[in-house]
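Novice: Sharing a structure with you now.
Just so it is clear, none of the values below were taken in a lab; they were calculated from the coordinates. Since the model is a prediction, treat every value here as computed from it, not as a measurement. Note that each Cβ is placed from the backbone with ideal geometry, even for glycine, and that neighbours are counted across all protein chains shown.
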């Protein structure tokens, strides 16, 4: 095998970054997944993030979204340490100078979800409150509504 592939690498990164990301949603939306589907969802999500890093047009926003999705996947399948790790990566990516506050709000949503899965309700409530604070200040009413709806859906998981 030679060093130069016989296909357009940039085109492959563009295709697989988006395709893998979208395929994750089909699995996340399933009410029940098999163990193989849980493995697939992790592999697809991480493949999407990796392919984004190979794109020339990759931004902090793209990485924030990818890390957020990874955190969501790991929380959904019950792996709080990985959910927290990717939530923290999302938070770091979401603090770039050109990123909208909406994404920072979702970084805290990811961390709240991770801590909820870990059973750390105090930490989860703290992250949830920070995300809600950011959401309340969003100037775009649709973005505000979306983030607040996701926070409202997460809040009942915190029983204390």
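Novice: Sort out which residues of the range 103-129 are in a helix (DSSP H, G or I) and surrounded by fewer than 18 Cβ atoms within 10 Å (Cβ to Cβ), and write them in order of number.
Specialist: Passing the criteria: 118, 121, 122, 123, 125, 126, 129.
Novice: A further question on this structure: Can you tell me how many residues within the range 34-48 are under 26 Å from residue 8 (Cβ atoms) and in contact (Cβ under 8 Å) with a residue 24 or more places away in the chain?
Specialist: 5
Novice: Then there's this: Are any residues in the range 88-102 free of Cβ contacts under 8 Å to residues at least 40 places away in the same chain and part of a helix (DSSP H, G or I), and if so, which ones?
Specialist: Listed by number, the residues that qualify are 88, 89, 90, 91, 92, 93, 101.
Novice: Right, residue 157: surrounded by fewer than 16 Cβ atoms within 10 Å (Cβ to Cβ), touching a helix residue (DSSP H, G or I) at 6+ places or on another chain (Cβ under 8 Å) and under 14 Å from residue 72 (Cβ atoms) or not?
Specialist: yes
Novice: A further question on this structure: Kindly establish whether residue 86 is under 19 Å from residue 138 (Cα atoms) and buried (at least 24 other Cβ atoms within 10 Å of the Cβ).
Specialist: When the stated conditions are applied, residue 86 does not pass them.
Novice: Something else now. Does any residue of the range 52-64 turn out to be in contact with a helix residue (DSSP H, G or I) (Cβ under 7 Å, 6 or more places away or on another chain), closer than 20 Å to residue 135 by Cβ and surrounded by 18 or more Cβ atoms within 10 Å (Cβ to Cβ)?
Specialist: There is at least one residue in the range 52-64 that is in contact with a helix residue (DSSP H, G or I) (Cβ under 7 Å, 6 or more places away or on another chain), closer than 20 Å to residue 135 by Cβ and surrounded by 18 or more Cβ atoms within 10 Å (Cβ to Cβ).
Novice: Given 154, 100, which one is more than 27 Å from residue 35 (Cβ to Cβ) and more than 12 Å from the chain's Cα centre (by Cα)?
Specialist: Criteria check complete, one pass: 100.
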